[in-house]
Amino acid sequence: MMQRQRESSLIFILMVVIALFFLLPFLWVLLTSLKPEAEVFSRNFLPTTLQFDNYLQLFHKIPFLLFLRNSVFITVISVIGVTLSSSLVGYAFGCMNWRGRNSLFYFVIATMMLPMQVTMIPVFVIFKEIGWLNSFKPLTVPMFLGGGAFNIFLMRQFFMTVPGSLLDAARIDGCSELAIYWKIVLPLAKPALATVAILTFMFTWNDFLGPLIYLSDKAKGTLALGLGQLAGQQQPEWAVLMAASVLMMLPVIVIFFLFQKYFIQGFTMSGIKE
């Protein structure tokens, strides 16, 4: 009994040390955002005086509220589109039997091996030809067209854990496939949906390359572009830049801690099943 308690204590201490190690960069950013500009590169880890004015200066350096509104709009639309479309495609792959299902699924998974740089120029040309440049459409509409191979894979693996007898009983009762998806399968998939939503939120919220390529109007910029604008100045004010980084990280941290239970369940319950 004592041996188990010692092992548990050692494991707990080790986990705390590892957590502090990964938490250190965030603490450095937070403390740097509260330092005077002259102390940013000093050897003092803690600020001598708390400079909350860095957060106020941020609103004068960039249109922070406008960028925040644009980021929230793009992120919310993307989360809705990805969760809805990936769950639909995942249901078709995981719960419906049709010819060529597995072959097409493997083809979809194979697209994950294509780097984004390979498709960047062709996709840009397509959006240019249909007149979508300098709008939010390239950043939102594609999210409703499948949701990405990884999200489809995650949803498909989760749906394959749903008992087939439950689906067959619903079909015998006269339910359509869409009704089974919406009324039976989707309510059971909350952990997987939460996982996809969190991953999509993190990717879209922090996306810099997409808005940089497709948005040329500064009024349509996002927070990621705002951070790039602050960092790209000839003499960047690092304390103000760290303040912007803290404000941009806060929503991601809050969302993760609020839904971490579903996030973990989504991965643990989406095991490989053939």
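What follows draws every value from the coordinates through simple rules; no lab data is involved. These numbers were taken from a predicted model, which means no experiment stands behind them. Counting neighbours? That spans all protein chains shown, and the Cβs are built from the backbone with ideal geometry, glycine included.
Counting pairs on different chains as well as pairs 8 or more places apart, how many Lys pairs in the chain have Cα atoms under 28 Å apart?
15
What dipole magnitude, in Debye to the nearest 20, does segment 61-268 give about its Cα centre under +1 on Lys/Arg Cβ and -1 on Asp/Glu Cβ?
Roughly 100 debye, rounded to the nearest 20.
Please find, in a Gaussian network model of the chain (springs between Cα atoms separated by less than 10 Å), the residue of LYS183, LYS61, LYS35 whose mean-square fluctuation is greatest.
Per the Cα network of the chain with a 10 Å cutoff, LYS183 tops the list.
Report Rg/Rh for segment 17-139, rounded to two decimals, where Rg is the Cα radius of gyration and Rh the Kirkwood radius.
Working: Rg = 23.1 Å, Rh = 20.0 Å.
My calculation of the ratio gives 1.15.
Select from VAL125, VAL108, VAL196 the residue whose mean-square fluctuation is largest in a Gaussian network model of the chain (Cα-Cα springs shorter than 10 Å).
Checking each option, the largest mean-square fluctuation is seen for VAL125.
Write down the Kirkwood hydrodynamic radius of the chain, to one decimal in angstroms, obtained as one divided by the mean of 1/r over all alpha carbon pairs. Numbers along the way, then the final one.
Numbers: mean 1/r = 0.0457 Å⁻¹.
Kirkwood radius, the chain: 21.9 Å.
Of GLN117, GLN233, GLN157, which is the most mobile in a GNM of the chain whose springs link Cα atoms less than 10 angstrom apart?
GLN117
Note the direction-averaged projected area, equal to a quarter of the hull surface, for the Cα convex hull of segment 128-189, in nm². Kindly include the intermediate steps, with their values, before the conclusion.
On the way: hull surface 23.8 nm².
Averaged projected hull area, Cα only: 6.0 nm².
Can you pull out the trypsin sites (Lys or Arg not before Pro) in segment 85-140 whose DSSP state is coil and whose Cβ has at most 16 other Cβ atoms within 10 Å?
On the way: sites: ARG99, ARG101, LYS128; in loops: ARG99.
Here the sparse-neighbourhood loop sites are ARG99.
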